[in-house]
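> Have a look at this one before I ask anything.
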Amino acid sequence: MKKLLAFSIFIFVFTTYAQRPQGRGGQRPNPIVISGTVLDQETNEPLEYATLVLQSLRDTTKITGGITNAEGKFSVETMPGRYNVRVEYISFTSYKLKAQIFRTSTDLGIIKLAPDVAQLEGVEVIAEKTTVEIRLDKKIYNVGKDLTVSGGTVSDVLDNVPSVSVDVEGNVQLRGNDDVRILIDGKPSAITGLNSTEALQQLPAESIEKVEVITSPSARYDAEGSGGIINIILRRSKLSGINGALTANLGNPTRYGLNGNLNYRTGDVNIFTNTGYNYRLGPGNRFNNTNFFDQNGDFTNSITEVGESERLRKGINANFGIEWYVNETSSITQSIFIRSSDNSSETTNDFSQQDIDLNRTSGFRFDAETEDDNTFQYSFNYDKKFNDSGHKLTYAFQYETSEEVEASLIQQNGFDSETVRTAEDQRRVFMQTDYVLPIGENHQFEMGYRGDFNRLETDYDVAFIQPTIDELGITNPSNVLDFKETINAVYAQFGSKIKKFNYLAGLRYEATRLIINQIESNDFARNNFDGFFPTLNLNYEFTEKQSISFGYNRRLRRPRSFFLNPFPSRSSPTNLFQGNPKLTPSFSNQVDFGYLNRFEKVTLNTSIYFQRATDVITFITEDTGEDTFFDGQQVSILRRTPVNLSKNDRYGFEFTTSYRPNKNWNVNANFNMFNLITRGDFNGQNFDAENVSWFIRLNNKITLFNSIDWQTRFFYRGPRETAQSRSKGIASVSLAFSKDLLKEKASIALNVSDLFNSRKFISETFTPFFQNESESQRRVRSVNLSFTYRFNQKKKRGGDRRGGGDEGEFEEQG
């Protein structure tokens, strides 16, 4: 690992600096400096944080610039050339110079800006909201001033994005579907770790620039994820000079952290980093009761458990990168991501048993677990623009390693009972290339390749101390799994705009090769499958404010290595999980109809969708037919395993709307309702089920006296039902207050998550042989105080200054 890290850093530095391009006569042109001073025309006071924008006329997509200091002065380093010059400041008219030729360093002198009263209200909207862009194949949510997630994690951010929900266990769902593909900067990434749920709960919210929600992915994206794709874009500044922000947070239950993003831009080199340390101590609790029945349906015995847990999560996430603008049309970006976390948890379960004669015994189980995670990722990206019309070629390469070791000592009634150790070691190589060719002004062809080569070794070791394996009457549960997955994919798509009508049609082909090697039992299996995945996205604009869209795509859900491992892993002597090596992928087809309308103060975005999936991967719980002795009693062993059921149909309706009565008050809502119909049989048992469920999210934000912002969020997820279980609805309320300080150089925010401590998961499972009732609360009410200080950086305004507003302010792009 150390040799690999040293070699990667050498390549990282060498390829960035070893080959500098040469200008005429073998000499590279020297950078020049554009300087000046920006003043308020009415008061002659300097305007701090005014923005200088330099747009290259040779490549209009290449934009650089900087901001003014406290004296209103700016100084930007760039290369000689022809530029459009623009100076901007919030609520002031812009200053523009077109087609300026700069061969030497130039002082633009004093630039005076006049207030623009007509813009003032709209600009204030930008400062308060999150913007949303609607494109032909995605929605882009630019993370703005969301008070309820200040000092939080990526999971907290996702739980506030329309169409997305995060349950009490941290699992991400899109429109109620948990089969979601999560990408980082458009690629699968080690940043999400071996356990994406845990990783997303440790990454700081301040590291995110925006979130792309793709419910109808085009052929450009991999076909994995029947629910759709969530693409998380990390924050990176491109302003000249040094700039950044630091955020410190402190909360209860015990939590604290320090996170910072730093950027240094000089000439054609941009150096950036996102680094943070977080410490979080989270209590939880659970209740579980299981009644067992014999073949005739008569009661035999029951087990009741009451548990408490305390989870400690602490660690460092660091992302370092260098972006090199080789010339005006090419750039190379290299980055290294490192995560090191030291986690632990303590879980206590008090249990009692009752047999058919009402005899009762009791005891307790204590599980102390440690978990060490280490992740390393090296990324290389090359972008080549052939002209300013969108003709380009991109290439990406990633190498990553992830190591995770979990170890626990379980005590039963005060005596050491068993030890469990799980070690996972993953190596992944990823590469992707995309080529985009515009044809005329309104047509575009695109093609590309993606290769994903993954190897995961899992070493699961269990040792029973008291009672022994022989006394329990179970087989040796230790095993080693060597899992290899190779995915090769190619795609092509064509898009066109004909007056008010846009379309994007594509076809993707993916070939998957799996090798499942069970080393302990010498079992070896291959599982290969190929597939074509067509996509189609249509959009028609009635007016600038009203449009409709249609999307179709075919997708799949691949079985993960954990699902395929045939060797059982045990959560207790009476409960085990066993994978199924015979699992096949689940394929699905989905259509989506959308409608967008922007009124004067209300914006409405709605859609209806239908999805049919075959060979659906479903988890079932069954009696293994084996018994074990648990605290002196003979108890049935239950097995949870994934199987391919026949099919399910999912159809639903969703809308996102916003209402802004005035500049100080904004309300927005997201509502999703769906019906899930499952049809299938397994081992003579019918698993047909039908479930109507829904969730709603309401956000209310008001600016109070002294410019104090108050935000309240309400979330409710309705009851749900599967073939073997039912769960009750979950409601929560969060609120936050925020105040800017030091002339907007700093902000302080106080937020309370789950104000009424109501995020509890309550469910019941029912089969012919047992019934189970459970209640769990993984995250309790929390209070967090955060402080952010920005230097040489404007306060985050919610993204593009062109668009305006909140979740209802849309910028349509074809």
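Just so it is clear, none of the values below were taken in a lab; they were calculated from the coordinates. Just so it is clear, the model here is predicted, and its values are computed rather than measured. Don't worry about glycine lacking a Cβ; one is built from the backbone with ideal geometry, like all the others, and counts go over all protein chains shown.
> Return the ratio Rg/(2.2 N^0.38 Å) for segment 393-467, where Rg is computed over Cα atoms only. Show your work: numbers first, answer last.
Numbers: Rg = 24.0 Å, N = 75, 2.2 N^0.38 = 11.3 Å.
It is 2.11.
> From Cα pairs below 8 angstrom and at least 6 apart in sequence, can you work out the relative contact order of segment 241-813, rounded to a whole percent?
Relative contact order comes out at 10 percent.
> For Asn700 paired with Asn522, estimate the spin-label separation in nm (one decimal), with each label point 7 Å from Cα along the Cα-to-Cβ line.
Each label point lies 7 Å from its Cα, and together they span 6.9 nm.
> Turning to a different aspect of this structure: Would you mind ranking Val213, Val269, Val667 by Cβ crowding within 10 Å, fewest neighbours first? Show your work: numbers first, answer last.
On the way: Val213 21, Val269 13, Val667 18.
Lowest to highest Cβ neighbour count: Val269, Val667, Val213.
> Once fully extended, how much extra length lies between Leu437 and Arg679, figured as 0.36 nm per residue of separation less the alpha-carbon to alpha-carbon distance?
82.6 nm
> For Leu604 and Thr361, what does the FRET efficiency come to when R0 = 41 Å and r is the distance between their Cβ atoms, rounded to the nearest 0.05? Provide the component values of the computation, followed by the final result.
Working: r = 60 Å, r/R0 = 1.47.
Efficiency for this residue pair is about 0.10.
> Ok, one more. If r is the Cβ-Cβ distance from Thr93 to Ala492 and R0 is 45 Å, what FRET efficiency results, to the nearest 0.05? Each step should come with its number before you reach the end.
Values: r = 46 Å, r/R0 = 1.02.
According to the calculation, E is roughly 0.45.
> Going down the list Lys663/Lys743; Lys187/Lys647; Lys98/Lys139, which pairs span over 22 Å between their C-alpha atoms?
Values: Lys663/Lys743 20 Å; Lys187/Lys647 30 Å; Lys98/Lys139 33 Å.
Too far apart for the 22 Å limit: Lys187/Lys647; Lys98/Lys139.
> Within a 10 angstrom radius of the beta carbon, how do His443, His391 rank from fewest other beta carbons to most?
On the way: His443 13, His391 16.
By the 10 Å Cβ count, ascending: His443, His391.
> Show me 420-428, 613-621 ranked by packing, highest mean number of other Cβ atoms within 10 Å first. Walk me through the numbers on the way to the answer.
Values: 420-428: 17.6, 613-621: 19.4.
Top to bottom by mean Cβ count within 10 Å: 613-621, 420-428.
> Can you pick out the pairs among Lys96/Lys384; Lys73/Lys701; Lys73/Lys739; Lys701/Lys760 whose Cα atoms lie more than 32 Å from each other? Numbers along the way, then the final one.
Details: Lys96/Lys384 29 Å; Lys73/Lys701 35 Å; Lys73/Lys739 27 Å; Lys701/Lys760 26 Å.
Result: Lys73/Lys701 exceed 32 Å.
> Could you compute the FRET efficiency for Arg103 and Phe791, with r as their C-beta to C-beta distance and R0 at 45 Å, rounded to 0.05?
That pair, Arg103 with Phe791, gives E of 0.90.
> Also, I was wondering about something else. Take segment 507-621, drop everything but the C-alpha atoms, weight them equally and run the Debye formula without solvent; then report log10 I(q)/I(0) at 0.12, 0.17, 0.20, 0.23 Å⁻¹ to two decimals.
The calculated log intensity ratios at q = 0.12, 0.17, 0.20, 0.23 Å⁻¹ are -0.66, -0.91, -1.08, -1.24.
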